[in-house]
Each structure stands twice: as C-alpha cells, then as structure tokens.
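Written below as structure tokens is the structure these notes are about.
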Amino acid sequence: MSSPKPKTGKPRISHRAIALTCVLTVVAMVCAAFAAVPFYRAFCQATGFDGTPRRGASGPNAAASDLSVGVRFDTNVRNLPWTLQPQENHQTVRVGRTQMAYFTITNNGDRPMTGRATYNVSPESAARYFVKLQCFCFSDQTIPAHTARTFPVVYYVDAGFAADPGTRPLSELTLSYTMFPAPDAGSAASEANSPSAKAR
C-alpha cells in the first residue's frame, strides 16, 4: 500500500491579512491625494501650467522689450460678503519691465473673515511668461468686519513672451482672481477677533 502524498496546495491567506492590506492601500491612496495638491500647485507656479502665473523671487533678468501688451484684471468673489476691486481695470505694460497694480478687498460682513484667492492668466499659453513677485494671493488674508485693505501686486511679463511666435501676436492678457473662504477660516477669524489681537 502506498503512503498518502503530502498536500502541495498554496498556503491560505487569512481574511484579516486581506482586510489589513485593503485598509493600508486606501490610506496610502488618500495620503498621496493630499500630498499631490501642494506639489501640483508648486508645479503650476513654476511652469505656468494650467494658466497659473509663475511665482518669481527676483525681477526680470533680460532688458525690457520694445513690445507692449495689455493686462486686464478680472475679479470674482465666491461665498464671502466681500468685494475685490482693482484700482485700474487695465494696464499697458512693457514686456520685461516690472509693473505694480493695487487691489482693494472690503469685508462687508459683521465679523472678521479669512479668504484665499485663486488666480490664473488667459490665454493659457501666456501664463508661463507672466511672473508675480508679490501678491495677496500668496497667502490667506483675514479682514476685520466692515474694513477695506489695499494690497499691491508686483509682476512682469517675461521677455520670452516677445520671442515666442505663439504669444508675440497677443495684444491682451487677462489676470483673473477669485476669492473664497479659506479652509481654516474659522480659526483664523477667531484669532483675529480675540482680545489679544484687538489690543495690538
């Protein structure tokens, strides 16, 4: 009589191990999604992708061009009792020369509120040449109740705009801002309304 052959089937994986693997996969995907947001924003600011103006640390490197281009300012507010107005609706700027514009944010509400601005440039092909050096949109802004504050925006259109056959024919660019409540607006507004903040 022959002896029974040993079982050679694949080892069984417990349900607990499968569940743990699924949970870890979901957690990793969520973390990756949140981490991707700042990386995507930084990529857009560095390259002008998706109509996002570049964020610069210094002024133009090349001499100003003889070419001029119009810059129109478009402002919008979402879910805030605010107004956002440029002091000038339009500027004509020399390509490669630093320019300054001013924007006034007014909180028409009865309490301090914190907002954040998104921004882009159209046509999208010109965004890579639109460089902002200073802007209220680089950080959240907390505005006290019934108060207006004016912010400078320092920018320039890079000289590459004039050398690019795809952008040189353009006569006007549009810089658009949209203000909306900052995700952590509650804590920032509470801090601004605290006795210590009022005593400053």
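The table that follows gives values for the structure above.
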quantity: Strands (runs of 3 or more DSSP E) within segment 99-171 that include 2 or more residues open to solvent by less than 30 Å² (accessible area, probe 1.4 Å) and touching an Asp or Glu at 6+ places or on another chain (Cβ under 9 Å); calculated: 113-122, 130-134
quantity: The lone exception for residue 156 - which of (1) closer than 23 Å to residue 82 by Cα; (2) modelled with pLDDT of 95 or more it fails; calculated: (1)
quantity: Qualifying positions in segment 63-80 - exposed (fewer than 14 other Cβ atoms within 10 Å of the Cβ) and not in a strand (DSSP E or B); calculated: 63, 66, 78, 79
quantity: Residue within segment 54-69 that is in contact with a strand residue (DSSP E or B) (Cβ under 7 Å, 6 or more places away or on another chain), of a type outside the set (Lys, Arg) and at pLDDT 95 or above present; calculated: yes
quantity: Selection within segment 81-93 - more than 24 Å from residue 148 (Cα to Cα) and open to solvent by less than 30 Å² (accessible area, probe 1.4 Å); calculated: 93
quantity: Single match in 104, 167, 147 (criterion: hydroxyl-bearing (Ser, Thr, Tyr) and more than 29 Å from residue 68 (Cβ to Cβ)); calculated: 147
quantity: Verdict on residue 107 being under 16 Å from the mean Cα position of the chain (by Cα) and modelled with pLDDT of 80 or more; calculated: no
quantity: The listed residue being at pLDDT 95 or above, of a type in the set (D, E, K, R) and more than 20 Å from residue 86 (Cα to Cα), out of 140, 164; calculated: 164
quantity: Qualifying residue in segment 104-121 (condition: within 14 Å of residue 175 (Cβ to Cβ) and in contact with a Gly (Cβ under 6 Å, 6 or more places away or on another chain)); calculated: yes
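The values are calculated or read from the model by the stated rules, or taken from the named source; none is laboratory data. Small disclaimer: the values here were computed from a predicted structure and weren't measured. Cβ: placed from backbone, ideal geometry, glycine included. Neighbour counts: every protein chain shown. Please note that ligands, DNA and RNA were not included when accessible areas were found on the heavy atoms of the full protein model with its side chains. Shrake-Rupley method; radii C 1.70, N 1.55, O 1.52, S 1.80 Å.
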